[in-house]
Amino acid sequence: MAMAASSRVLWASRAAAYLRISTFPRAFSTVLKDLKYADTHEWVKVDSGSATIGITDHAQDHLGDVVYVELPEVGNNVYQGKNFGAVESVKATSDINSPVSGEIIEVNGKLSEEPGLVNASPYDKGWIIKVKLSDSGEVSSLMDDEKYSKFCEEEDKH
């Protein structure tokens with residue numbers, strides 16, 4: 001009987017590895033130091049007048065496996081705190097709000113074919129849009145990594 005149970009565990013861990021699913025519970029989501037964060041769980045990385053935006057590791061972890069990302073059009077404007085798209089997962093659909101205002105200069109087209117990049121690489125390959133900032137001062141209203149980590153810890157308690 002023990003042999004059958006260990007064989008199932010081995011099969012499950014091999015299947016999880018193949019599917020790139022973690023078999024270990026995660027302690028806390030990754031929060032990067034060089035980013036700013038909105039209380040709606042989007043991140044922004046500013047680089048000389050433009051900003052890359054995505055959803056945080058914390059957000060993707062709570063959503064579960066992302067199956068679809070609704071992307072906006074290049075040339076559209078986004079506004080701080082306003083919705084510009086959505087992420088659909090096996091659990092729910094969630095709006096994506098822009099942490100800053102500006103004109104969309106690029107969208108991550110790879111997400112149309114591989115929405116799971118949001119789960120696998122939320123801060124790198126899973127970015128959603130890039131914008132030309134219209135008000136760089138808005139960045140100062142966002143949380144740094146320490147404040148965002150505390151915000152997530154408090155939110156998870158409730």
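Every number here is computed from the coordinates shown, using simple stated rules; none is lab data. Just so it is clear, the structure is predicted and the values come from calculations on it, not from any experiment. Every residue, glycine among them, receives a Cβ derived from its backbone with ideal geometry; neighbour counts consider all protein chains shown.
Hey, does the stretch 55-71 have a residue that's among the acidic types (D, E), in contact with a Phe, Trp or Tyr (Cβ under 8 Å, 6 or more places away or on another chain) and surrounded by fewer than 16 Cβ atoms within 10 Å (Cβ to Cβ)? Give the derivation first.
Filtering the stretch 55-71 down to residues among the acidic types (D, E) leaves 57, 61, 65, 70.
From what is left, the residues that are in contact with a Phe, Trp or Tyr (Cβ under 8 Å, 6 or more places away or on another chain) are 57.
From what is left, the residues that are surrounded by fewer than 16 Cβ atoms within 10 Å (Cβ to Cβ) are none.
Within the stretch 55-71, none of the residues are among the acidic types (D, E), in contact with a Phe, Trp or Tyr (Cβ under 8 Å, 6 or more places away or on another chain) and surrounded by fewer than 16 Cβ atoms within 10 Å (Cβ to Cβ).
Identify, please: which residue in the stretch 33-54 is surrounded by fewer than 22 Cβ atoms within 10 Å (Cβ to Cβ) and basic (K, R) and is, among those, farthest from V131 (Cα to Cα)?
Across the stretch 33-54, the extreme among qualifying residues is K33.
Any residue at all in the stretch 94-103 that is more than 24 Å from F151 (Cα to Cα) and either surrounded by fewer than 22 Cβ atoms within 10 Å (Cβ to Cβ) or not hydrophobic (A, V, I, L, M, F, W, C) (or both)?
Looking through the stretch 94-103, at least one residue is more than 24 Å from F151 (Cα to Cα) and either surrounded by fewer than 22 Cβ atoms within 10 Å (Cβ to Cβ) or not hydrophobic (A, V, I, L, M, F, W, C) (or both).
What do you reckon, is S140 free of Cβ contacts under 8 Å to residues at least 60 places away in the same chain, of a type in the set (S, T, Y), in a helix (DSSP H, G or I) and surrounded by fewer than 18 Cβ atoms within 10 Å (Cβ to Cβ)? Break it down stepwise before answering.
Numbers: free of Cβ contacts under 8 Å to residues at least 60 places away in the same chain: yes; of a type in the set (S, T, Y): yes; in a helix (DSSP H, G or I): yes; surrounded by fewer than 18 Cβ atoms within 10 Å (Cβ to Cβ): yes.
The answer is yes for S140.
When you go through K150, K82, K132 one by one, which is the residue that is within 22 Å of V31 (Cα to Cα) and of a type outside the set (D, E)?
The match here is K150.
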